[in-house]
1. Among Leu76, Leu19, Leu60, which is the only one that is part of a helix (DSSP H, G or I), at pLDDT below 95 and of a type in the set (A, V, I, L, M)?
2. Just a yes or no: is a residue in region 101-117 surrounded by fewer than 21 Cβ atoms within 10 Å (Cβ to Cβ), at pLDDT 95 or above, closer than 30 Å to Asp262 by Cα and among the aliphatic types (A, V, I, L, M)?
3. Anything in region 7-33 that is over 16 Å from the mean Cα position of the chain (by Cα) and either closer than 12 Å to Leu66 by Cβ or crowded, with 22+ Cβ neighbours inside 10 Å (or both)? List them, or say none.
4. Against the condition out of contact with any Asp or Glu (no Cβ under 7 Å at 6 or more places or on another chain), surrounded by 15 or more Cβ atoms within 10 Å (Cβ to Cβ) and under 21 Å from Leu255 (Cβ atoms), how does Val193 come out, does it pass?
5. Quick test of your reading of the structure: Val92 fulfils all but one of (1) in a helix (DSSP H, G or I); (2) buried (at least 23 other Cβ atoms within 10 Å of the Cβ); (3) β-branched (Val, Ile, Thr). Name the failing condition by number.
6. Suppose the filter is in contact with a Phe, Trp or Tyr (Cβ under 8 Å, 6 or more places away or on another chain), under 23 Å from Phe157 (Cβ atoms), buried (at least 17 other Cβ atoms within 10 Å of the Cβ) and at pLDDT 95 or above; does Thr206 pass it?
7. Report the residue count in region 166-180 for those that are under 15 Å from Ala96 (Cβ atoms) and not acidic (Asp, Glu).
8. Out of everything in region 263-290 that is assigned to a helix (DSSP H, G or I) and of a type in the set (Lys, Arg), what residue ends up being nearest to Leu76 (Cα to Cα)?
Amino acid sequence: MRAHEPSRTAAYVAGLRGLAALLPPEARLSDDPFGLDFSRPMARFAAAARRFPRVAARALAADHQLLSLQLRTRVLDDVLLGFAARGGRQVVLLGAGYDCRAARFPDELAGVTVYEVDHPATQAEKRRVLAESNAPSARVSYVPWNFEETPASDLPFHLAAVGHDHTQITLTIWEGVTMYLTAPTIEATVEAVRVLSAPGSTFAFTYFDRAAIDHPPLREKLVQAVVARLGEPFRFGFDPNDLPSFLGRHGFALLSDRTDGDLARELFPPRVARDYKGAMRHVAVAERGD
């Protein structure tokens with residue numbers, strides 16, 4: 001991303017999350033009332049779309065990007081809420097962007113501290129927008145961070161400085177970030193997550209199949225072209241067959257690894273899932289061993 005600007009892709013993703021309110025009920029898996037506050041173009045589109053709700057709902061229900069985002073958001077929401085319900089009290093959002101889970105779930109996350117790690121410019125913009133909303137929120141501690149410039153090995157120390165306790169279980173969520181990083185940064189960051197995670201901690205993250213980077217189908221080529229023009233090109237993908245051993249080297253056991261297609265069949269009603277095509281984007285959940 002550009003050094004001194006908030007992430008443009010983060011604004012795009014937040015805007016898509018906000019547009020989900022216009023989806024037909026059967027395709028709506030999550031709600032983000034703050035999303036449109038981060039994207040003026042999306043907010044203008046939403047204002048126009050509300051004049052023709054049925055037409056807008058049909059059009060948005062055919063938007064692959066929006067449906068994909070609904071799937072991953074819902075899955076990670078469920079992981080988060082399950083972790084909090086079981087007594088987890090520390091959540092780390094790596095590359096938090098405009099993730100507003102702390103404000104979306106203030107009651108469910110009562111007693112939880114959310115540690116948000118992200119680029120300083122994006123983080124500053126997020127704090128400004130949320131301050132203007134005056135919305136209630138779970139407790140949030142902010143850690144400014146640049147994944148490609150700051151040694152990942154320093155991350156546990158920066159988190160400890162704002163109150164994180166590495167001896168207590170932690171849920172780390174790494175959503176919509178891995179595809180933008182280099183392989184060495186991925187390796188170093190996962191090792192840092194191991195260090196900051198007590199045994200029994202959960203690590204949930206999204207990733208692209210390596211084939212989507214090396215040999216993308218037409219839809220993915222178009223998406224890659226857009227994000228590259230925004231200054232945030234896709235760089236990295238895992239081979240799903242290699243993921244268990246990769247995580248094992250860093251002390252994690254893979255619990256689940258589901259593609260968009262898997263999640264669509266699980267979460268959407270049949271008539272929505274039938275028309276959804278996706279097998280190259282994944283949501284994985286792992287657990288830190290002893």
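The values are calculated or read from the model by the stated rules, or taken from the named source; none is laboratory data. The structure displayed is predicted, hence computed values, not measured ones. Heads up, the Cβs are rebuilt from the backbone with ideal geometry, glycines too, and the neighbour counts pull from every protein chain shown.
1. Leu60
2. Yes: region 101-117 contains one or more residues that are surrounded by fewer than 21 Cβ atoms within 10 Å (Cβ to Cβ), at pLDDT 95 or above, closer than 30 Å to Asp262 by Cα and among the aliphatic types (A, V, I, L, M).
3. First, the residues of region 7-33 that are over 16 Å from the mean Cα position of the chain (by Cα): 19, 21-28, 33.
Passing the criteria: Leu19, Ala21, Leu22, Leu23, Pro24, Ala27, Arg28.
4. yes
5. Tallying (1) in a helix (DSSP H, G or I); (2) buried (at least 23 other Cβ atoms within 10 Å of the Cβ); (3) β-branched (Val, Ile, Thr), Val92 fails exactly one: (1).
6. Criteria not met by Thr206.
7. Result for region 166-180: 9.
8. Arg265
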